[in-house]
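Colleague: Below is a structure I'd like to ask you about.
The values are calculated or read from the model by the stated rules, or taken from the named source; none is laboratory data. Computed from a predicted model, the values in this text were never measured in an experiment. Cβ coordinates were reconstructed from backbone atoms using ideal geometry, including for glycine residues, and neighbour counts include every protein chain displayed. SASA here: full protein model, heavy atoms, side chains in, ligands and nucleic acids out. Shrake-Rupley method; radii C 1.70, N 1.55, O 1.52, S 1.80 Å.
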Amino acid sequence: MLTTTLHAEDKAILIIHGGAGVRSPEALKKAGETREQIEEGLAKSLLAGWKAMQKGTSADGVEAAIRVMEDSPLFNAGKGAVLTSDGRAELDAAMMDGSAEGTGDGKVNAKRRGGAITGVAHVKNPISAARAVMEMEGSRHVLLAGQGAEDFVLNEANRRKYAIERVENHYFWTDRRLKQIRQPEAEDVRHDPEFVAGTVGAVAVKDGRIVAGTSTGGLANKWPGRVGDTPLLGSGTWADDRACGVSGTGTGELFIRSAVAHDVAARMLYKKIDVKQAAKEAVDEMPDQKGGAGGVIALDAAGNFAFPVSERCPGMSRGYVTEKGEVYVAIYAKDEWKKIEVK
Ligand code: ASP
């Protein structure tokens, strides 16, 4: 569990992560990046989400926050996403609404609703594509893959409604990601990669309504067609207003096999424990393998939150914003929260 000094009154309306793949200060330096850049990226994301929530919904907050991180090459989502072993970006994303009353045939009276896309290669902001699937009228579809997903989200109406843009696959590539697959030994990707995860995620709550979202390029050097935990509701993304919203980051296969995101909410409901305890237990339950595991972010309807990471995970870029718009961020596991004054 992360050791953080929280003021007792701290409650969040939006929490985010920028992945469990935190690099050492030396590795950052080698790549010409700084801790401050990552903190700034997190703060910008939190502020964009906070702004969107002033008039909008928790879904608006999650989408806005994640879009900022997708557009930043610092994170493993959208621009700067990791690449498959054959050099392509294949992106996954999901959004889940913990209290939908249902819209559209096939979704009426749903207790919750969710949408996800997997293996898309030409959608600039996958989180908006996931939202388009979640809100897809007249259909019960939850998860769309590859070409079919792209055909749906890139139609004229969706492009306009969700500001979805088509890009060539090379838009996502960065020197760092190309190097990771060309010289896996040179940076932080080996055959058994240790925490190179940099998936992004967000959970927001407004008027008791919880929405969670996650977006990723997956794991570096992954087999083409590999699907991780991010777009699988219950594994990397989950929301239930009665309990909490969750977004995960780490070795997707472990999250899938432990249904981690759902497990956090289920523990709260069945065991009547709080979000901190439930999130810690669910993460601790995963096998903490060499090069495996990661962390989750979880937020309950009252604004209480948790950011646990597994024992061997060096940290998780993370942050939260209060109702008043105060922004706090942290990166390494033992970091204290740092308040960022956003101009
Ligand atoms: N969980 C993601 C996946 O396995 C990777 C990450 O968190 O960066 O696809």
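Colleague: With a 1.4 Å probe and all protein chains left in place, how much accessible area per residue does region 242-343 have, in Å²?
Modeller: I get 42 Å² per residue for region 242-343.
Colleague: Please give every one of the aspartates and glutamates within straight-line cross-link reach of Lys280, meaning a C-alpha to C-alpha distance under 12 Å, and leave out same-chain neighbours fewer than 8 residues apart.
Modeller: The qualifying aspartates and glutamates are Asp263, Glu311.
Colleague: Related question: Here are some pairs, Lys179/Lys222; Lys44/Lys124; Lys51/Lys334; Lys11/Lys338; Lys44/Lys179; which of them have Cα atoms lying more than 21 Å apart in this structure?
Modeller: Flagged as over cut-off: Lys51/Lys334; Lys44/Lys179.
Colleague: How big is the convex hull of the Cα atoms of the chain, per residue, in Å³?
Modeller: With only Cα atoms used, the chain gives 119 Å³ per residue.
Colleague: Given an 8 Å cut-off on Cα distances and at least 6 residues of separation, report the relative contact order of region 275-324 as a percent.
Modeller: Across region 275-324, relative contact order equals 36 percent.
Colleague: Among Thr214, Ile273, Ala20, whose Cα lies farthest out toward the positive end of the dipole of the chain, if unit charges sit on the beta carbon of Lys, Arg (+1) and Asp, Glu (-1)?
Modeller: Result: Thr214, furthest along the dipole toward the positive end.
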